[in-house]
Structure formats: structure tokens, C-alpha cells
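Below is one structure, written out as C-alpha cells; comments come after it.
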Amino acid sequence: MTATTVHRPKSLAAFARAKALIPGGVNSPARAFGAVGGSPIFIDRAEGAYLHDLDGNAYLDFIGSWGPMILGHAHPKVRAAAAAAMLRGTSYGAPCELESELAEMVIGAVPSIEMVRFTSSGTEAAMSAVRVARGATGRDKFVKFAGCYHGHFDAFLVATGSAALTLGVPNSPGVPAGGTRDTLILQFNDVQQLRDVFAAQGDEIAGVMVEPVAGNMGLIVPTAEFRAELRRLTRHHGALLIYDEVMTGFRLAYGGAQELLGDEPDMTALGKIIGGGYPVGAYGGRADVMRKVMPAGPIFQAGTLSGNPVAMAAGVATLTELKAAPPYARLDAMGAKLAAGLGEIAAALNVPHAINRVGSMWTFFFTPTPVTDFATATTADAAKFGRFFWAMMDRGVYLPCSQFEAAFISGATTDADIDATLRAARESLALVA
Ligand code: KE4
């Protein structure tokens, strides 16, 4: 049963058709609306800040394809670049200059990246970065944080243990115990636990992978102390610090979260925005480390469509636009207005809430508890979020379909859109209060 009051027969029929063909009717679980109930809405087209479904409904889009669409959908310059590239062929299986053009832009933008390798997804980028850290250090163990998501690589798919350090155990069938044996799960923002782990095992740890601003348990901001200790301890013990900026890269600043925060990891994983809506991931970092990647070095990694010319062209067009007309100040101002407005509305309605935001990334948590890590994030009332999600959807506002995801404001969003969102939120929060 879903809380929607709008009948969307064409989406329902499309979902029924898809479920007979594709597991769960979707090609990525996050889209199935499992966390909010009901059936996913099938999209007919997207333009600017809006999605349009098969039943003719329009929605102000706060997912933006889970981050990539910072310029808005179907941006004319991105569309034109991809179309022009397609006229020259869609995939060569051989190098082309567009790969170097996007590489130069990424290296020029991201402080920690001296050399970069493109992949076709963020998962490939993150998993390759871990393989490189292991190959470069000769060590097997690596650290991730409960609630951070780095894609579906076996070693990342581990249950989050108790508050104390736990060796990861798989939380998906098909992942052998050995696949996660060397994954250490810690708590985001827990400085003491980090110190304890490195004191005990620091010289066995190949790397630490972290979302420098977490977006996959809802938005959570790292403390300066946590980030400083991550850098100090990894450097002291010869482990590589890997920032997973698949979501935050080119989102929070042109140089990503690391530019905004003034941090310099050893490696960075990227994705989403750098493809402008096409499948692109990337990992990069210190030249001495990246030169160990095959064929320059012995660490293997490959991909048929890595560096695809059409995707590279879309990425170049996207980053060119972001550099020529940086949207970050306006995105931050709209984010601030939205967060303040939501807070005022929720307070007036006595709805317990916590709002976390950095720039254009934000999450409204249905909990009175400040959300600083996975444990506090999971105090949120996910069922209430599901009712809020559908109330907003029925008012033409498309939020991420889970309490534990970040929302994204796009550069195509206007102040009038933010005002309309606040009007919809006032009605929706009153309904679910
Ligand atoms: P992809 O393999 O989905 O391109 O990237 C994996 C990934 C890696 N690192 C971070 C920080 C990420 O956020 C992601 C993917 N993000 C999810 C949304 N939370 C993608 C949505 C989906 O899985 O469909």
C-alpha cells in the first residue's frame, strides 16, 4: 500500500512489464521505491530541473540522477557535445584525445589528482582505488565507515558491526567470507575508534576509504578533528587516504569536497557529474601511486568502454560549463533558503527533525537527534519519511526515495522552485506530523 493519492496508470503498467523482465523491475535497487513503498514512477523525459512521467505529471527533481545532473537535465551544451561526438562514432576501443581533454580538466580541478584513470562507473573507480592501495602498499586490510557507500564491490558489501571494531561480514549472498575478511568497519566521526584501530593494526592497513562528506546515510558532515586524524594516522602508518568523491566531486565545489574542506587525500574516486549523465567513473591521485597501474605498472584494471568518446565529450562539456559559470554560490544560497524554510515549517508543526546540508546536498531527517553518524542517522523515522515522500511527490516534488539518501539541488532550479517546494512541504509535513 502506498500513501500516494495520485493514480499513475502508465507507470504502474510499465512497472508490471519491467518486473517480468528485470529483477525487481529496475536496473538499480535504489530506484525501486522499496524504502518508501509504492511503485516507482517511470520517466518519459527530463529537462532543466524537471522530470516528466509517463502519465504527464511534472516533478521538480531533487535526485538529479543521484547526483550527476548538476546543470539540470538535457543541458543544451552537454546535449550538443554528445551529439557532435556521436557523429564521429560512439566507441573506438582505441585511445582518443577527448580522454586526455577530460583528464586535464579533472587533474586541473582536483587538488589531490596528479594522474587519473577513467572507468564506466563509480563502483569501478572505488574498487580500483582500493586495489591500487593494496598493490602499492603490499597490504590487504582497508578501512571503510558504517553508512558510507562505495558501490557494489564485494569488499564493500559488509554488515556494519557493533560500535567496536568488527571485521566485516558479508551482508549480501554471493559475497564469500573471504571477500570481506580484510574490510574493517569503523564509525564515521569516531576519532577514538580510529586511533585505536591504527594503534593496533595501522601497519597492516593498505588504505582508508571515506566519503569526505557522507551522502549515503543521508547527508552527514565530518568533523574537522575526524578529517585531520584520518590524514595524520594514514600518513604516519603508510596507509593511503582515499576520498570517495563520486557524489561530492564537482558537486560541493569545482574541486570537490577536498577543495571546500582544504584536504589532500592520496587518491580520489570520482563519478556521476564528470560524465554529465553518461557512464563515467574515475580514480586518480599521486603520480607515484598511479604509475603502478597497468600498463605503466603491474596493477591490473581495464574496461571496454572506459574513456568512451561520447561520455568524455559530455563530461568535458559539463566541466567546461561548471568552470565558466560556477553555480556553487547560488546552489548554496538556494540550499540555505530551503533548509531554513523547512526548519521553520517543521518547528511550527512540532515535527521532530534534523536537517544536514552542505551546499546543494541536503537531508531532512525525521528525528530529534542531531545526525552525526550511522547510529544517529538510523534513529530517523523512515516510515514517516515514506509518507512525506509521497505527499511531496503528489505535489510535484521528487525527493530521493529513501530517508538515507542525500537530495541534490540543480543549477536549473530557481528561487521560485524553492518557494514552491516550501509550500508543498508545509502541506506535506502537516499531513505526516
Ligand atoms: P556507481 O557504481 O553507482 O556509479 O557509483 C557507486 C558509488 C560510489 N561512491 C559513492 C559515494 C556513491 O554515492 C555511489 C553511488 N551512489 C548511489 C546513490 N546513493 C547510486 C544510486 C544507485 O545505486 O542507483
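No lab work stands behind these numbers, since they all come straight from the coordinates. In this text, all values refer to a predicted model and were calculated from it rather than measured experimentally. Cβ: placed from backbone, ideal geometry, glycine included. Neighbour counts: every protein chain shown.
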(message) 7 Å from Cα along Cα→Cβ at both Glu344 and Ala296: what's the point-to-point distance in nm?
(response) 5.2 nm
(request) With runs of 4+ DSSP H residues as the only contributors, calculate the mean residue ellipticity of the chain at 222 nm using -39,500 (n - 2.57) per run, divided by the residue total and rounded to the nearest 500. (result) -11500 deg cm²/dmol
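Would you tally the net charge around Ala58, using a Cβ to Cβ cut-off of less than 15 Å, leaving Ala58 out, and scoring K and R as +1, D and E as -1?
-3
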(message) If the reach is capped at under 28 angstrom between alpha carbons, list the lysines near Lys292, excluding any in the same chain fewer than eight residues apart.
(response) Lys141, Lys144, Lys272
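Across every pair of different alpha-carbon atoms, what Kirkwood hydrodynamic radius in Å does the range 187-234 reach? The partial results should precede the final answer.
Working: mean 1/r = 0.0884 Å⁻¹.
Evaluated on the range 187-234, it is 11.3 Å.
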(message) Within 14 Å, Cβ to Cβ, of Phe188, how many net charges do the neighbouring residues add up to if Lys/Arg are +1 and Asp/Glu are -1?
(response) -4
(message) Could you list Cys96, Cys401 so that the one with the fewest beta carbons within 10 Å of its beta carbon is first and the one with the most is last?
(response) Cys96, Cys401
(request) Would you kindly state how much longer the chain becomes between Asp419 and Glu97 on full extension, computed as 0.36 nm times their sequence separation minus their alpha carbon distance, in nm to one decimal? (result) 111.5 nm
(message) Could you tell me the center-to-center distance, by alpha carbons, between the range 405-433 and the range 282-310 in angstrom?
(response) 41 Å
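With +1 on each Lys and Arg Cβ and -1 on each Asp and Glu Cβ, how big is the dipole of the range 1-109 about its Cα centre, in debye rounded to the nearest 20?
Values: 9 positive and 9 negative charges, 100 e Å.
Using only the charged Cβ atoms, the result is roughly 480 debye.
Just subtract the alpha-carbon distance of Ala228 and Gln201 from 0.36 nm times their residue separation and send over the number in nm, one decimal.
On the way: separation 27, 0.36 × 27 = 9.72 nm, distance 1.89 nm.
My answer for the length gained is 7.8 nm.
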(request) Enumerate the residues in the range 289-321 having an amide nitrogen under 12 Å from the point lying 7 Å beyond the Cα of Arg88 toward its Cβ. (result) 309-314
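Report the net charge of residues surrounding Pro327, where surrounding means a beta-carbon distance below 12 angstrom and charges are Lys +1, Arg +1, Asp -1, Glu -1.
My count for the surroundings of Pro327 gives +1.
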(request) For the range 10-96, evaluate the Debye formula with one uniform point scatterer on each Cα (no solvent term) and list log10 I(q)/I(0) at q = 0.18 Å⁻¹, rounded to two decimals. (result) -0.94
(request) Determine, for Leu305, Leu219, the number of other Cβ atoms within 10 Å of each Cβ, and report the residues in order from fewest to most. (result) Leu305, Leu219
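May I ask you to work out the translational diffusion coefficient for the chain at 20 °C, viscosity 1.002 mPa s, via Stokes-Einstein with Rh from the Kirkwood sum over Cα pairs, reported in whole µm²/s?
Numbers: Rh = 22.2 Å.
It comes out at roughly 97 µm²/s.
Taking a cut-off of 16 Å, what percent of all Cα-Cα pairs in the range 200-280 are separated by more than that?
On the way: 1667 of 3240 pairs.
So the pairs more than 16 Å apart make up 51 percent of the total in the range 200-280.
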(request) Place a +1 charge on the Cβ of each Lys and Arg in the range 286-433 and a -1 charge on the Cβ of each Asp and Glu, then give the dipole magnitude about the Cα centre in debye, rounded to the nearest 20. (result) 320 debye
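Among Val26, Val221, Val110, which comes first, second and so on when ranked by fewest other beta-carbon atoms within 10 Å?
Val26, Val221, Val110
Are there trypsin sites (Lys or Arg not before Pro) in the range 294-341 that DSSP puts in a loop and that have at most 10 other Cβ atoms within 10 Å, and which ones?
Listed in order of number, the matching sites amount to none.
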(request) Multiply the residue separation of Glu114 and Ala329 by 0.36 nm, subtract the distance between their alpha-carbon atoms, and state the gained length in nm to one decimal. (result) 74.7 nm
(message) Taking the Cα of Val191, stepping 7 Å toward and past its beta carbon, and measuring to each backbone N in the range 200-239: which are under 14 Å?
(response) 222-233
(request) Would you mind telling me the antiparallel percentage of the DSSP bridges in the range 76-324, rounded to 5? (result) 45 percent
(message) Just to check, using Stokes-Einstein with a Kirkwood Rh over alpha carbon pairs, what's the diffusion coefficient of the range 76-324 at 37 °C and 0.692 mPa s in µm²/s?
(response) 180 µm²/s
(request) Just the number, please: percent antiparallel of the DSSP beta bridges in the chain, rounded to the nearest 5. (result) 60 percent
(request) Kindly point out which whole DSSP H helices in the chain project their C-alpha atoms 24 angstrom or further along the helix axis while averaging a Kyte-Doolittle hydropathy of -0.5 or above. (result) 328-348, 415-432
